[in-house]
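Written below as structure tokens is the structure these notes are about.
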Amino acid sequence: MSDARRLLDCPVRMPPKRIVLAHGGGGSLTHALLESIFRPAFANPLLDQHHDGAVFELPPGRVAFTTDSYVVRPLEFPGGDIGRLAVCGTANDLAVCGARPLHLSAGFILEEGLDTALLARVADSMGQAADALGVGIVTGDTKVVDRGAGDGVFINTAGVGVLEHELEIGPRAVRPGDCVLLSGDVGRHGATIMAMRESLHLDSDLRSDCASLWPPIAALLDAGLPVHCLRDLTRGGLATGLVELARDAQLAVVADERTIPVSEPVRGLCELLGLDPLYVANEGRFLCILPEAHADEALAILRGSEVAAGAVRIGEVTPKPAGRTSLVSAIGGERILHLQSGEQLPRIC
Amino acid sequence: MKFVDEYRDADLARRLTGRIARITTRPWTIMEVCGGQTHAIVRFGIDRLLPEAIELVHGPGCPVCVTPIEVIDRAIDIASSSGVTVCTFGDMARVPGTETDLLSCKAMGADVQIVYSPLDALEIARADPEREVVFLAVGFETTAPANAVAVLQARREKLANFSLLVSHVLVPPAMETILSAPDNRVQGFLAAGHVCTVTGYEAYDAIASRHRVPIVVTGFEPIDILQGIAMCVEQLEAGRHEVANQYRRAVQREGNRAAQAAVEEVFAVSDRRWRGIGDLPDSGLVLRSGFSDYDAEKRFGPVVCAEEASSPCIAGQILRGRAKPDACAAFGTGCTPESPLGAPMVSSEGACAAYLRYRGTATP
């Protein structure tokens with residue numbers, strides 16, 4: 001008897017051990033999946049409305065809205081998993097808009113044959129990450145594709161957040177003389193995924209930095225600091241974040257490589273694989289650009305937050321040449337930073 | 001990080017650039033042979049810390065750059081046949097062949113796998129005896145030993161589905177070619193440290209004395225390169241032309257005898273076509289006849305080199321140190337890493353890629 005068949009016949013609706021196409025069919029198996037895995041993991045009053053969508057009031061203020069899809073391979077890695085990534089990543093996109101994350105949606109594309117225990121772990125991890133942030137996963141969807149048409153599970157999350165201040169935060173607000181702060185050491189997430197993918201059994205405590213950035217950003221905003229721009233550093237790493245900042249602000253950014261923290265395990269892996277850690281992905285790091293006069297206070301606040309305890313000043317914004325990012329090298333030489341060409345590592349988040 | 005930080009020390013770098021400036025009395029042109037050195041020079045801005053009288057020109061030591069287009073076309077043909085996996089180092093997958101490249105082939109469904117070692121390719125062959133697994137064996141003397149070991153291992157295990165498409169090249173003949181050109185400007189060499197870990201540097205004595213050029217075996221970190229330049233300039237200023245070893249922590253005069261023995265057992269020296277440079281006698285390696293079972297050219301048909309088509313790409317000039325990447329009309333405009341005209345724009349050891357990545361299109 002197939003698992004699906006057994007489920008239909010069984011009075012106690014335990015989901016089968018593997019995802020089957022019928023889990024996405026909208027019938028009893030879809031319902032069973034929702035009740036046995038997603039609803040317990042995400043439990044919140046809006047989800048419990050049992051409606052096609054979540055209906056809620058927004059607090060006063062401007063609203064930020066964002067979406068992101070997650071296709072990371074492997075699904076679980078030291079320091080996180082695709083679920084935690086999907087919650088933190090989308091919440092971080094809201095946070096760097098200066099918005100307090102409020103509600104998330106979650107869309108799942110499951111591959112036939114996926115281990116339901118793994119899906120349950122991913123869902124629990126999402127629930128925990130959302131709880132820690134104080135956001136709810138308030139609506140969702142599940143589809144199943146044939147075996148071979150996906151890779152375990154893909155997740156899309158969208159999120160809304162609210163801006164509880166009057167600041168304009170973004171590249172256009174950046175001014176010459178601003179200081180560039182980095183929230184901690186770079187390259188952990190990409191290096192962790194790479195080490196797993198290449199089956200490099202390294203004797204190190206390499207862990208993804210996957211984390212929510214809202215607590216340190218909230219602390220900066222609560223202190224009333226005139227933050228000009230925030231940028232989370234994901235694919236393409238710190239270098240890409242700096243290059244995009246200079247390009248979008250049409251100002252020059254000068255950073256000093258000697259001030260940029262890179263942990264020993266990440267440096268070691270990058271040396272081994274011939275990668276530049278400045279281009280390696282992060283999932284829990286951001287840049288904060290604000291006037292120099294407030295840099296010390298901002299650094300002190302950031303360092304008081306667990307995820308930004310390693311915050312440092314790495315550079316400054318100058319008027320010219322517009323759009324250019326330069327880096328003072330370890331030995332005092334100069335190089336220009338660019339967007340990387342091609343893909344350093346596909347499916348990192 | 002140990003063994004890295006001490007070779008990127010800013011104070012030491014300042015002391016070395018100061019010493020080079022003090023001992024330099026006239027212009028000298030020095031070629032770094034290896035593309036890895038070129039990248040370090042541009043990445044750390046080493047050339048801009050030197051006195052103007054010292055010009056660094058970039059050498060041919062980029063294996064991906066000098067691999068003939070016909071070899072890439074052959075690899076693409078092989079990858080396109082069913083039941084075959086082509087394994088390659090990452091850079092090689094992006095180098096343009098005549099029509100396409102290996103990565104595009106992969107996107108169209110060919111089984112192209114990026115590996116870090118020929119032993120990974122061997123593992124793939126072991127796991128699926130029904131599949132033909134072909135490893136694209138390019139590189140200088142540095143990569144030849146691992147490829148030789150892979151062949152020896154395949155023979156020991158009687159793996160019938162593993163072969164190499166060989167396009168190995170040798171450094172000394174390329175240095176000879178550059179020095180023998182009538183318009184040669186190179187007055188001293190930083191020899192490639194990694195190559196010398198395998199080969200040692202006895203073979204350079206003859207080149208140094210015949211052409212009266214100092215040759216300094218040099219490492220890849222900024223301090224290595226600055227020290228190599230200082231050692232080279234000292235000789236040039238004193239009118240000496242000796243082979244010296246800056247990279248003593250890795251290189252011994254006689255090299256790695258075990259690695260040399262493996263290469264000697266599996267490969268024989270032969271003539272080789274260098275992309276952009278031409279046919280150089282005794283400048284490459286081929287599988288010895290006793291190992292022809294592992295020769296992909298025997299299984300899938302030979303690589304046939306034709307006349308090089310004309311192109312706006314000046315890779316040949318760049319690989320011989322006659323031009324810098326930003327002297328090319330196509331640099332950063334018609335030729336970019338996303339849409340390269342030549343291999344030096346693709347390879348992580350290519351001079352054009354280094355200039356574009358670390359300097360952009362602005363003239364340095």
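Can you tell me the FRET efficiency between B:ARG26 and B:ASP205 if r is taken as the Cβ-Cβ distance and R0 is 35 Å, rounded to the nearest 0.05? Present the calculation step by step, with values, prior to reporting the outcome.
On the way: r = 26 Å, r/R0 = 0.75.
Calculated transfer efficiency: 0.85.
Take the alpha-carbon centre of region B:291-319, take the same for region A:219-234, and report the distance between them in whole Å.
If you average the Cα positions of each part, the centres end up 55 Å apart.
I want the antiparallel fraction of DSSP beta bridges within chain B, as a percent rounded to 5.
Numbers: 9 of 42 bridges.
That works out to approximately 20 percent antiparallel.
Compute the relative contact order of chain B as a whole-number percentage, counting only Cα pairs closer than 8 Å that sit 6 or more residues apart in sequence. Walk me through the numbers on the way to the answer.
Details: 718 pairs, mean separation 81.7, N = 364.
It rounds to 22 percent for chain B.
If you stretched the chain out fully between B:GLU265 and B:GLU308, how much longer would it get, using 0.36 nm times the residue separation minus the C-alpha to C-alpha distance?
On the way: separation 43, 0.36 × 43 = 15.48 nm, distance 3.26 nm.
The B:GLU265-B:GLU308 span can extend by a further 12.2 nm.
Could you give the size of the charge dipole of region B:315-359 about its Cα centre, using +1 on the Cβ of each K and R and -1 on the Cβ of each D and E, expressed in debye and rounded to the nearest 20? Kindly include the intermediate steps, with their values, before the conclusion.
On the way: 5 positive and 3 negative charges, 38 e Å.
In total the dipole reaches around 180 debye.
Set Lys and Arg Cβ to +1 and Asp and Glu Cβ to -1, take the dipole of region A:171-337 about its Cα centre, and tell me which of A:ALA308, A:LEU337, A:LEU238 lies farthest positive.
Checking the options against the dipole of region A:171-337, the answer is A:LEU337.
Cα centroid distance between region B:64-116 and region A:171-190, in Å?
Each part's Cα centre sits 39 Å from the other's.
Can you compute the charge dipole magnitude of region A:219-299 about its Cα centre, using +1 on each Lys and Arg Cβ and -1 on each Asp and Glu Cβ, nothing else charged? Give it in debye, rounded to the nearest 20. Write out the running numbers ahead of the final one.
Values: 6 positive and 13 negative charges, 47 e Å.
The dipole magnitude comes to about 220 debye.
Restricting attention to chain B, give the cysteines that have no other cysteine Cβ less than 4.7 angstrom from their Cβ.
Unpaired cysteines in chain B: B:CYS34, B:CYS87, B:CYS105, B:CYS196, B:CYS232, B:CYS305, B:CYS313, B:CYS328, B:CYS335, B:CYS352.
At a Förster radius of 35 Å, what calculated FRET efficiency corresponds to the Cβ-Cβ distance of B:ASP183 and A:LEU339, to the nearest 0.05? Let's see the in-between values first.
Details: r = 38 Å, r/R0 = 1.08.
It comes to 0.40.
Which one of A:THR325, B:PRO63, B:LEU190 has its Cα pushed farthest toward the positive end of the charge dipole of the protein assembly as shown, where Lys and Arg give +1 and Asp and Glu give -1 at the Cβ?
My answer, from the dipole projection, is B:LEU190.
Mind telling me which of B:TYR116, B:TYR201, B:TYR294 comes out most flexible in a GNM of chain B, alpha-carbon contacts under 10 Å?
B:TYR116
Report the Cα-based extents of chain B along its three principal axes, largest first, to the nearest Å.
Extents along the principal axes: 65, 46, 44 Å.
Considering chain B as a Gaussian network with a 10 Å cut-off on Cα pairs, which listed residue, B:PRO325, B:PRO68, B:PRO302, attains the greatest mean-square fluctuation?
B:PRO302
In deg cm²/dmol and to the nearest 500, what is the mean residue ellipticity at 222 nm of chain B if only DSSP H runs of at least 4 residues count, each as -39500 (n - 2.57), divided by the residue total?
After summing the helix terms and dividing by residue count, I get -11500 deg cm²/dmol.
Which of these, A:ARG231, A:ARG258, A:ARG303, has the largest mean-square fluctuation under a Gaussian network model of chain A (Cα springs below 10 Å)?
Answer for the Gaussian network model of chain A: A:ARG258.
Given axes a ≥ b ≥ c from the Cα gyration tensor, I'd like to know whether region B:315-359 is rounded (a/c under 1.5), prolate (a/b larger than b/c) or oblate.
Numbers: a/c = 1.42, a/b = 1.25, b/c = 1.13.
In terms of gyration-tensor shape, rounded.
Read-outs: derived from the displayed coordinates by stated rules, not from any lab. Small disclaimer: the values here were computed from a predicted structure and weren't measured. Using ideal geometry, Cβ is built from the backbone for each residue, glycine included, and neighbour counts are taken over all protein chains shown.
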